[in-house]
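Some notes on the structure that comes next.
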Amino acid sequence: MTNITHQRLLIIDFGSQVTQLIARRLREAKIYCEIHPYQKVTGESIRAFDPRAVILSGGPASVMDEGSPRAPDELFTMGLPLLGICYGQQVMMEQLGGKVEGEGHSEFGRAFVTPTADLPLLDGWFETGNEQVWMSHGDTVTELAEGFAPYGASPNAPYAITADVARNFYAVQFHPEVHHTPKGSVLLKNFTDLAGFTGDWTMGAYKEQAIEAIQAQVGNERVICGLSGGVDSSVAAVLIHEAIGDQLTCVFVDTGLMRQGEADEVVGMFRDNYNIPLIHADESDLFLGELDGQSDPETKRKIIGKLFIDVFEKHAKSVGGAKFLAQGTLYPDVIESVSFSGGPSVTIKSHHNVGGLPERMNMQLVEPLRDLFKDEVRALGRELGLPDSFVGRHPFPGPGLAIRCPGEITRPKLDILRKADAVYIDQIRKHGLYDEIWQAFVAILPVRTVGVMGDGRTYDFACALRAVNSVDGMTADYYPFSHEFLGETATRIINEVEGINRVTYDITSKPPGTIEWE
Ligand code: XMP
């Protein structure tokens, strides 16, 4: 989104696995921030962004390596408060005249820092004498840059906490953004307080601003918004409707790959609660026809992506020429990850709603959730009056059940999958676990197994249950159901769903797995 008027904080990303957590901690403190990869940050881009403070993230490189990442030198003369974290600390010292060394200084995992002097950045710290922090560094600072003094030390990092108070520069060796630094959020909040942030990033304010930005972008043109059944597209639709009213038409594309009762639920929710023009397009013959005989995951995704565009274009014409297509793209999808090789990162899956739109598409994108994390989208949904039961729905992918049906997709398999999924979700709800789980679903496996029911032999499909906990879908852990729950659910599925005679539970985390099966 452009024209953000909130106080802004810039995070320069040097490629740490946990940079996103810095943004999350700050957003929790109602501070608007953006992550920019170091390759794209220049003095000019910083001035254009106009931050009130800058955080330099950790990263995997060593400042001693030739060509290793640096911050623009101008950053240090702009008068902005700075916080360097891990590699960010080392970069600050290196660029400001201190010294960083490798050999024998590494520290990984939990460590304890003890104070060496008082510092406002550490208000609320050291109440019990020392403080647990999470370290992950091979190199360490051995000589401070001019103006800096030490304020805390760990066994392997004499300069675990350093500051040049006069310039409002702070630099720490550990990661305050991770859970294993229990008072990390306090330190980050102290930093933003010192930088003069007032915590003006609220959903109410965001909503007003997003509405203005949508109005400015769209003018008097028409917009269509594809509803997928997921929370993101629904929130985007309601927000855009508040901004431009009947210039918006929603299209719910029934691909034949939806869950049981999904079309009725989504269309009903919109028809009953909102006065938004809604086209319910039953395109299941088109999608399932084109997918017939296809079993390669990427081919399937590409076919679905292309058909979505065809359908949107058709409806864009039918509403009198929509110039804009609205999508519920989120911030984690648009953060450019830092690639040290300079090459493109490997495509794991072509997400159909992220940058994967064919160039031939004539519509421009409206993506009002591009700045938000998933939990923020939910908060915005509540702000817009969407019912809690809807806002709290588990994420559902654009390609729908296609990516939960490895191998060939057939109508009978989809019917079996829908029924099994409905039983599984019913079980989860009955046990009061729905809101504790980030996402849960069934995948039908491309394999039949032999079973025995009554006195007869069965030869039916096997399915896999999946349930994960995650913050944003980028990493995930399997949900630790009790054996009783799993046993009861397997029995119910086999008894209630004709066509399945074996149930497995997928206990793969992400990475190395992904959440969906394809
Ligand atoms: P993976 O399987 O990549 O999924 O670990 C991470 C999260 O993204 C969802 N997902 C998608 N969402 N379009 C979407 O809108 C897609 O093509 C897509 N593929 C995966 C998935 O359900 C999980 O929440």
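Since every read-out is calculated from the coordinates, none of them should be taken as a lab result. None of the values given here were measured: they were computed from a predicted structure. Cβ coordinates were reconstructed from backbone atoms using ideal geometry, including for glycine residues, and neighbour counts include every protein chain displayed.
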Segment Met453-Gln39, length gained on full extension (0.36 nm per residue, minus Cα span): 142.9 nm
Residue-averaged 222 nm ellipticity for the chain, from DSSP H runs of 4+ at -39500 (n - 2.57), nearest 500: -9500 deg cm²/dmol
Cross-link reach list, lysines versus Lys300, counting only Cα pairs under 18 Å and skipping chain neighbours closer than eight places: Lys349, Lys413
Tilt, helix 297-318 to longest principal axis of the chain (alpha-carbon atoms), in degrees rounded to tens, equals 80 degrees
Phi-based couplings in Hz for the stretch 9-15 (Karplus 6.51, -1.76, 1.60; Gly and Pro marked x): 10, 9, 10, 8, 8, 9, x
Using 16 Å as the cut-off for backbone N distance, which residues of the stretch 81-112 belong to the label zone defined by a point 7 Å from the Cα of Glu146 along Cα→Cβ? 93-99
Distance between the stretch 235-270 and the stretch 20-98 - C-alpha centres, whole angstrom: 40 Å
Rounded to the nearest 20 debye, dipole of the stretch 8-194 from Cβ charges on Lys, Arg, Asp, Glu: 700 debye
Computed for the chain: size of charge dipole around the Cα centre, +1 on C-beta of each Lys and Arg, -1 on C-beta of each Asp and Glu, debye to nearest 20, value 720 debye
Listed by chain and number, the aspartates and glutamates with an alpha carbon less than 15 angstrom from that of Lys510, same-chain partners under 8 positions apart left out, are Asp472, Asp477, Glu518
In the structure shown, do any of Lys30/Lys306; Lys40/Lys189; Lys374/Lys430; Lys189/Lys374; Lys40/Lys183 have a Cα-Cα gap over 29 Å, and if so which? Lys30/Lys306; Lys40/Lys183
For the chain, the charge dipole (Cβ of Lys, Arg +1; Cβ of Asp, Glu -1; about the Cα centre) points to a positive end, and the Cα of Phe169, Ser284, Ile309 closest to that extreme belongs to Ser284
Please give the charge dipole size of the stretch 9-101, origin at the Cα centre, charges +1 on K and R Cβ atoms and -1 on D and E Cβ atoms. Round to the nearest 20 debye. 440 debye
Farthest positive-ward along the stretch 387-454 dipole, Cα basis, beta-carbon charges - from Met453, Phe390, Leu401: Met453
Among Gly184, Leu9, Tyr434 the positive-end extreme of the charge dipole of the chain (Cβ point charges): Tyr434
In a solvent-free Debye calculation with one equal scatterer on each Cα, what is log10 I(q)/I(0) for the stretch 203-391 at q = 0.10, 0.16, 0.18 Å⁻¹, listed in the order of the q values? -0.41, -1.07, -1.32
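State the extension gain, in nm to one decimal, for the chain segment bounded by Asp50 and Glu101, taking 0.36 nm per residue of separation less the distance between their alpha-carbons. List each step's numbers first, then the result.
Details: separation 51, 0.36 × 51 = 18.36 nm, distance 3.35 nm.
That pair, Asp50 and Glu101, stretches by 15.0 nm at full extension.
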